[in-house]
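Worksheet for the structure shown next.
Please treat every number below as a calculation from the coordinates, not as lab data. What you see is a predicted model, and the numbers here were worked out from it, not measured in a lab. Backbone-built Cβ (ideal geometry, glycine too); neighbour counts: all protein chains shown.
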Amino acid sequence: MQTIEVLKQALSSLDPTQQQQLLVAGSAVAVGGLLTCYYWVYQGTKTKRIPTGDGWWGAGEKPRSEDEKVFPFQVQTSDEEIQDLYDRIDRTRYTEPLEDAGFQYGFNSTYLKKVVSHWRHQFNWKKQIAILNKYPQFKTNIEGLDVHFIHVRPPHREGQKVLPLMLVHGWPGSVYEFYRILPLLTDSLDSLAFEVICPSIPGYGFSEAPRKQGFNSLAAARVFHKLMERLGFSEYYLQGGDWGSLITTNMAQMKPECVKGLHLNMLTSKMKGLHRVLHEVLQGELQDQH
């Protein structure tokens with residue numbers, strides 16, 4: 001309750017325009033994002049920027065100009081690829097599990113045989129591919145990498161406000177994590193809906209892996225900023241979990257003027273910048289643990 005009172009005091013200190021910005025962002029990303037949205041609305045001018053920099057992660061030297069085309073993408077496979085997988089599964093050699101052991105020493109090979117049997121005989125690959133292709137997917141080359149992303153626009157509804165929102169997955173994960181929530185965000189009958197962009201982190205899913213050493217969360221943040229810019233967005237909201245939480249936090253630190261709101265569903269004790277955000281929002285209620 002004390003924290004709620006502190007938040008009320010913080011909200012009351014904002015002018016009406018700032019309150020409106022915060023409430024719109026809060027309805028988009030819930031309580032966790034609300035705290036961080038407050039920081040960028042009220043304290044954004046004090047945020048220390050991370051240098052944007054530049055990079056090239058493709059093979060060879062960086063060319064003088066980059067191909068910025070965005071092209072449609074669909075997941076595809078063939079009967080030959082599936083049969084090759086079946087052949088390799090059939091040649092699997094298993095070791096016997098330790099007696100009276102469950103999963104204390106790794107994946108139990110007795111249970112693994114059941115999983116592989118389902119994968120080999122019951123799993124419908126073509127049905128799954130159809131599910132993966134449910135939403136519009138695209139690729140575009142950024143810093144030498146073909147970056148895969150899902151882009152779902154809401155149906156046009158008169159008077160409805162549409163906000164751009166990027167969702168970033170983590171490890172071990174993929175954009176498939178967001179499939180069930182996409183209709184809730186994009187196909188809303190309320191006065192607010194979202195245009196959602198879900199990129200695959202380079203090296204994950206259908207995004208090309210870096211060819212050079214050193215790719216990190218800062219590089220991913222810069223690549224995703226370039227993606228949003230290429231799609232025509234100058235201001236947008238972000239949501240991230242696991243590695244996505246670090247990438248989106250870096251995006252907000254890199255270009256705070258572009259990030260209207262940030263929602264994270266995973267926090268770590270090493271994210272000192274976020275500790276500072278929460279510390280200022282709660283006016284001293286949270287103490288830095290470092």
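Some observations on this one:
- Once backbone amide H atoms are built at 1.01 Å from N, residue 163 has 193, 194, 195 as its partners under 5 Å, excluding neighbours fewer than 5 places away on the same chain.
- Pair residue 114, residue 71: separation of 7 Å Cα→Cβ label points (nm): 4.5 nm
- Hydrodynamic radius of the stretch 48-107 by the Kirkwood approach over all distinct alpha-carbon pairs: 18.6 Å.
- Convex hull projection area averaged over all views, the stretch 79-123, Cα basis, nm²: 3.5 nm²
- Long-range HN-HN contacts of residue 260 with modeled amide H, under 5 Å: 236, 237
- Converting phi to 3J(HN,Hα) with the Karplus coefficients 6.51, -1.76 and 1.60 and the offset θ = phi - 60°, the stretch 241-257 yields x, 6, 4, x, 5, 6, 4, 5, 5, 4, 4, 5, 6, 6, 9, x, 6 Hz in sequence order, with x at every glycine or proline.
- Cα-based shape type of the stretch 88-181, given that a ≥ b ≥ c are square roots of the gyration tensor eigenvalues and the cut on a/c is 1.5: prolate
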